[in-house]
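This report refers to the structure that appears directly beneath it.
The values are calculated or read from the model by the stated rules, or taken from the named source; none is laboratory data. The model shown is predicted, which means the values in this text are computed figures rather than measured ones. Neighbour counts run over all protein chains shown; Cβ positions are idealised from the backbone, glycine included. Each accessible area value is taken on the protein alone, full model and side chains, heavy atoms only, with ligands, DNA and RNA left out. Shrake-Rupley method; radii C 1.70, N 1.55, O 1.52, S 1.80 Å.
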Amino acid sequence: MAKIKKGDLVQVISGAKAERGGDRGKQGKVLEVLVEQNRVIVEGVNYVTKHTRVGQTQRGTKTGGLETIEAPIHISNVALVDPETKKPTRVGRRVEEQTKNGVKRTVRVRFAKKSGKDL
């Protein structure tokens with residue numbers, strides 16, 4: 001069970017400060033998790049300029065040129081944001097029993113360690 005999932009709100013906790021042109025302190029939603037490379041793509045963080053070859057669509061419009069896209073950032077450089085305090089927090093897992101339609105199930109639940117609130 002991953003600590004950071006697609007759709008989570010995370011904050012960048014390392015790198016150059018935002019005042020100096022870096023991304024530390026910025027918050028954004030996780031767009032994609034690249035499990036094999038231990039990286040995440042965060043909305044509005046780590047913009048890079050990508051050069052794409054100029055081509056034509058079937059309608060005749062030109063495509064390509066310079067695009068700015070979000071590049072992956074290592075998963076150790078982001079922390080999950082606690083929904084209550086809007087501050088970065090550590091994540092834990094605990095086992096709970098839930099009853100649904102008379103059937104008991106054991107499920108693992110993520111929670112923010114400092115506040116103890118479920119995520």
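Tabulated values for the structure
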{"quantity": "For Lys87, residues with placed amide H under 5 Å, excluding near neighbours", "calculated": "Asp82"}
{"quantity": "Too-long pairs where the Cα-Cα distance tops 22 Å, listed order kept, from Lys26/Lys87; Lys3/Lys29; Lys29/Lys100; Lys3/Lys113; Lys29/Lys104; Lys6/Lys62", "calculated": "Lys29/Lys100; Lys29/Lys104; Lys6/Lys62"}
{"quantity": "Rounded percent of accessible protein surface that carbon and sulfur make up, segment 32-119, 1.4 Å probe", "calculated": "45"}
{"quantity": "Charged-residue dipole, Cβ positions (Lys, Arg, Asp, Glu), the chain about Cα centre, Debye nearest 20", "calculated": "300"}
{"quantity": "Hits among aspartates and glutamates - C-alpha to C-alpha of Lys5 under 12 Å, sequence gap 8 or more where chains match", "calculated": "Glu32"}
{"quantity": "In Hz, Karplus ³J(HN,Hα) per residue of segment 64-74 (6.51, -1.76, 1.60; θ = phi - 60°; x = Gly, Pro)", "calculated": "x, x, 9, 10, 9, 10, 7, 9, x, 10, 5"}
{"quantity": "Cα centre as origin, Lys/Arg/Asp/Glu Cβ charges: segment 3-48 dipole, Debye", "calculated": "140"}
{"quantity": "Estimated inter-spin distance, Arg90 and Arg108, nm [label 7 Å along Cα→Cβ]", "calculated": "1.8"}
{"quantity": "Under 5 Å, built H, 5+ apart or other chain: amide partners of Gly22", "calculated": "Lys17"}
{"quantity": "Dipole-positive endmost among Val54, Gly21, Leu34 within the chain (Cβ charges, Cα centre)", "calculated": "Leu34"}
{"quantity": "Value of Rg to Rh for the chain (Rh from inverse mean 1/r over Cα pairs, i.e. Kirkwood)", "calculated": "1.14"}
{"quantity": "Burial ranking of peptide ranges 76-84, 54-62 (average Cβ count within 10 Å, highest at the top)", "calculated": "76-84, 54-62"}
